[in-house]
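Right, one structure below, let's go through it.
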Amino acid sequence: MPSWAPLSATELAERQRGLSEEQLQQRRIVNVNPETVTHVSATDIPGHWGPGQDDSWDIERFKQNLRFKFHQNKPYDSAFSLIGVDASIANAYRRILMSEIPTLAIEDVFIFDNTTIIQDEVLASRLGLIPLTGGQEALTWLRWYRKPPPKDDFASQATWPYDVDDNDADSATPNDHNTIVITLKVECRWATQAEDGRDGRRLAKEGETDPNERYVNSNIYAHQLVFEPQGDQAKHFSGENAIKPVNPDILIAKLRPGQRINLRCHCIKGIGMDHAKYSPVATASYRLLPDINITQPILGADAKKFQRCFPRGVIDLVKDGDSREEKAVVADPMKDTVSRECLRHDEFKDKVKLGRIRDHFIFSIESTGQFESDELFLDSVRLLRAKAERFNRHLTELEDGR
């Protein structure tokens, strides 16, 4: 029946009564059919069902339904369930995690000497994508650097004076409060008996092919980047809080005798919206919790076949009390990938319903290493709250005519 068609007397009476507890739970489910997905839109909107159902937003009801549960909480890899929020809120957290939380990364690379086969621009791009870490309080202390726009970007040049922070007159000038300096000065040479305890040339004549044995500095890694504190930075970035690569074994370049690199990097704070290198997460995603509803008993050989339709651990087999046969039961729906394999078999089509719970979001956050993953999610919550407060303040000013 079309949505604009008039309601029957029975349907009108049902709308007057409101939803039962079973119906309230059912409308949380996104139905997954053999070839389609239905009921994807939320219906908990005031007035959608009828006068008998109160769907107006209530803070106490929201607090009661809101739940948070960790499944895994490693420093740089966490998985948790966020239950009781709308998809727009969950997606806002995900987008903020990827593009709006500030981090430190290499922005400018000044190359004084590069005789390797890697082009200067490729080398600079590699350096920019190396994730850095340091003391979290010190990184928070670091101010923003407002980089002047390129000379050929006339639109940005026109607005540039207005983009500078009035509260920080030096924000457009690199200084010890907004810029971190990292240097790299290496040269590849033959290994010598006097300095390295082996003669690389002799080893080469004997047939040695390992460049690590024949040469020194044949592979340049991230741990060879040297942090040079400027001004007050020595007080904040010292000891374990010093700026360093998250992974010291990231390969930067391969060199051979006579080739060298001499460069200087300026690191500043930025956000993923400007460039992916500033994104604090490698992955930030969520999925809806799968819902597997077995409507009729599945016994015996069918139960084993049904179990094989799902990833290991989703379906378990238990003894049925009446028939004494093995019976299929749902053990852990979180492990399911909703492949719909069971719906391809005719014997299961009327015995199982698949879906996803629309307000149960399973988040997976993998940090690049500058901040811990659980703290990143809290930062996204704080940022969204700040945005809401700013929007509310602008509405108030609009009402006041300011």
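How do Lys63, Lys319, Lys304, Lys269 stack up against each other in accessible area, from largest to smallest, with a 1.4 angstrom probe? Each step should come with its number before you reach the end.
On the way: Lys63 125, Lys319 150, Lys304 100, Lys269 30 Å².
Greatest to least solvent exposure: Lys319, Lys63, Lys304, Lys269.
Once both labels are positioned 7 Å from their Cα atoms along Cα-to-Cβ, the gap between Tyr221 and Asn31 label points is 5.8 nm.
Charge dipole (Cα centre; +1 on Lys/Arg Cβ, -1 on Asp/Glu Cβ; no other charges) of segment 293-402 amounts to roughly 320 debye.
For Thr295, the accessible area of its heavy atoms, probed at 1.4 Å with every protein chain present, is near 70 square angstrom.
Does segment 256-377 classify as rounded, prolate or oblate by the C-alpha gyration tensor (a ≥ b ≥ c root eigenvalues; a/c under 1.5 gives rounded; else a/b over b/c gives prolate, otherwise oblate)? Because a/c hits 1.5 or more and a/b exceeds b/c, segment 256-377 counts as prolate. Relative contact order, whole percent, for the chain stands at 24, derived from Cα pairs under 8 Å and 6 or more residues apart.
When the Cα positions of Gln72, His360, Ile268 are compared along the charge dipole of the chain, Gln72 comes out farthest toward the positive end, with charges on each C-beta of Lys, Arg, Asp and Glu. Computed with a 1.4 Å probe over protein heavy atoms only, the accessible area of Cys342 comes to about 0 Å². Computed with a 1.4 Å probe on the full set of protein chains, the accessible area for Ile357 sits at about 30 Å².
Using a ≥ b ≥ c from the Cα gyration tensor of segment 53-176 (square roots of the eigenvalues), is it rounded, prolate or oblate, where a/c under 1.5 gives rounded and otherwise the larger of a/b and b/c decides, a/b for prolate? Please list the in-between numbers first.
Working: a/c = 2.62, a/b = 1.77, b/c = 1.48.
Cα axes put segment 53-176 in the prolate bin.
Cross-link candidates for Lys335: which lysines have Cα within less than 23 Å, leaving aside residues fewer than 8 places away along the same chain? Correct list for Lys335: Lys69, Lys74, Lys304, Lys305, Lys319, Lys327, Lys349, Lys351, Lys353. Residues Phe110, Phe377, ordered by accessible area of protein heavy atoms at a 1.4 angstrom probe radius and largest first, appear as Phe110, Phe377. Annotation for segment 348-399: trypsin sites (Lys or Arg not before Pro) lying in DSSP loop with at most 13 further Cβ atoms inside 10 Å of their Cβ are Lys349. Net charge of the neighbourhood of Pro75, taken over other residues with C-beta under 10 Å away and scored Lys/Arg +1, Asp/Glu -1, is -3.
Using heavy-atom solvent-accessible surface (probe 1.4 Å) with all chains present, what is the largest-first order of Leu384, Leu142? List each step's numbers first, then the result.
Working: Leu384 40, Leu142 5 Å².
Accessible-area ranking of Leu384, Leu142, largest first: Leu384, Leu142.
Here segment 9-158 exposes an accessible surface that is 53 percent carbon and sulfur, computed with a 1.4 Å probe and the other protein chains kept in place.
Please give the net charge around Ser285, taking every other residue with its beta carbon less than 11 angstrom from that of Ser285, where Lys and Arg add +1 and Asp and Glu add -1. The answer is +1. For the chain, the solvent-accessible area of protein heavy atoms averages 60 Å² per residue (probe radius 1.4 Å; ligands and nucleic acids excluded). Applying D = kT/(6 pi eta Rh) to segment 108-250, where Rh is the Kirkwood radius over alpha-carbon pairs, T corresponds to 4 °C and eta to 1.567 mPa s, the Stokes-Einstein value obtained is 70 µm²/s.
For the chain, just say rounded, prolate or oblate: build the C-alpha gyration tensor, square-root its eigenvalues into a ≥ b ≥ c, call rounded for a/c under 1.5, and beyond that prolate if a/b exceeds b/c, oblate if not. Walk me through the numbers before you get to the answer.
Numbers: a/c = 3.20, a/b = 1.59, b/c = 2.02.
Here the chain falls in the oblate category.
Each of Leu129, Val85, Ala105 was scored by the projection of its Cα onto the charge dipole of segment 76-134, and the greatest displacement toward the positive side belongs to Val85; charges sit on the C-beta of Lys, Arg, Asp and Glu.
Counting Lys and Arg as +1 and Asp and Glu as -1, each charge on the Cβ, what is the dipole of the chain about the Cα centre in debye, to the nearest 20? Before the final figure, lay out the partial values.
Values: 53 positive and 63 negative charges, 189 e Å.
That gives a dipole near 900 debye.
Isolated cysteines in the chain, defined as those with no second cysteine Cβ under 4.7 Å, comprise Cys188, Cys265, Cys267.
By how many nm would the segment from Thr38 to Thr183 grow when fully extended, if each residue of separation counts as 0.36 nm and the alpha-carbon distance is taken off? Show your work: numbers first, answer last.
Working: separation 145, 0.36 × 145 = 52.20 nm, distance 5.65 nm.
The Thr38-Thr183 span can extend by a further 46.6 nm.
Considering helices alone, the calculated mean residue ellipticity of the chain at 222 nm is -8000 deg cm²/dmol, with DSSP H runs of length four and up weighted by -39500 (n - 2.57) and normalised per residue. Of Gly313, Leu383, His345, which is farthest on the positive side of the dipole of segment 265-392, counting Cα position, with +1 on Lys and Arg Cβ, -1 on Asp and Glu Cβ, and the Cα centre as origin? The listed residue farthest towards the positive side: Leu383.
The values are calculated or read from the model by the stated rules, or taken from the named source; none is laboratory data. In this text the structure is predicted, and so the values were computed from the model without any measurement. With ideal geometry, Cβ positions are generated from the backbone for all residues, glycine too; neighbour counts draw on all protein chains shown. For accessibility, only protein heavy atoms count, side chains too; no ligands or nucleic acids. Shrake-Rupley method; radii C 1.70, N 1.55, O 1.52, S 1.80 Å.
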